[in-house]
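Below is one structure; the comments refer to it alone.
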Amino acid sequence: LLYAQYGSQFILASIDVNREQDNAADGNARIATFMSAYGATWTYALDVDQSVARSYGISVTPTHFIIDKDGNVVDRHEGLEPLDGLVARLSRYW
């Protein structure tokens with residue numbers, strides 16, 4: 001819903017932290033199934049060895065980051081959050 005409504009205003013990317021420890025082929029197939037089931041049309045990536053998760057200190061999923069146009073993390077939120085809360089946080093940077 002967020003991407004459908006506001007996707008033209010920012011870039012959305014999801015990274016699967018691969019807690020299942022899938023190889024790339026199995027993990028990408030799992031992601032494709034998820035995307036199809038939920039109508040997800042934005043970019044997804046698989047963190048095969050959890051190096052991205054370690055680099056960003058991710059211990060909770062979901063974890064949302066807002067990264068500005070210069071590549072700086074300007075906001076971080078761990079756990080689920082209502083859509084209006086995420087929209088409010090994003091709108092600070094639009």
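The values are calculated or read from the model by the stated rules, or taken from the named source; none is laboratory data. Note that the structure is a prediction, hence the values are computed from the model and not measured. So basically every Cβ, Gly included, is an ideal-geometry build from the backbone, and we count neighbours across all protein chains shown. For the accessible areas, the whole protein counts, side chains as well, though only heavy atoms, and no ligand, DNA or RNA atoms are used. Shrake-Rupley method; radii C 1.70, N 1.55, O 1.52, S 1.80 Å.
What to note about this one:
- Dipole of the chain, positive end: most advanced residue of G79, N28, S59 [Cβ charges, Cα centre]: G79
- Loop-resident sites, the chain, for trypsin sites (Lys or Arg not before Pro), counting at most 11 other Cβ within 10 Å (DSSP): R19, K69, R92
- Interchain or long-range residues, amide H under 5 Å from T63's placed H: G79
- Accessible area per residue, Å², the chain with all protein chains present, probe 1.4 Å: 68 Å²
- Beta bridges by DSSP in the range 13-94, antiparallel share as percent, to the nearest 5: 55 percent
- For the chain, average projected area of the Cα convex hull in nm²: 6.3 nm²
- 3J(HN,Hα) from dihedral phi, the range 63-77, Karplus parametrisation 6.51/-1.76/1.60, rounded to Hz, x for glycine, proline: 10, 9, 10, 10, 10, 6, 5, 8, x, 8, 6, 10, 7, 9, 9
- Only helices enter this figure: runs of n ≥ 4 DSSP H residues, each worth -39500 (n - 2.57), summed and divided by the residues of the chain, yield -10000 deg cm²/dmol at 222 nm to the nearest 500.
- Rounded percent of accessible protein surface that carbon and sulfur make up, the chain, 1.4 Å probe: 54 percent
- Taking the Cα centre of the chain as origin and assigning +1 to Lys and Arg Cβ atoms and -1 to Asp and Glu Cβ atoms, the resulting dipole is close to 200 debye.
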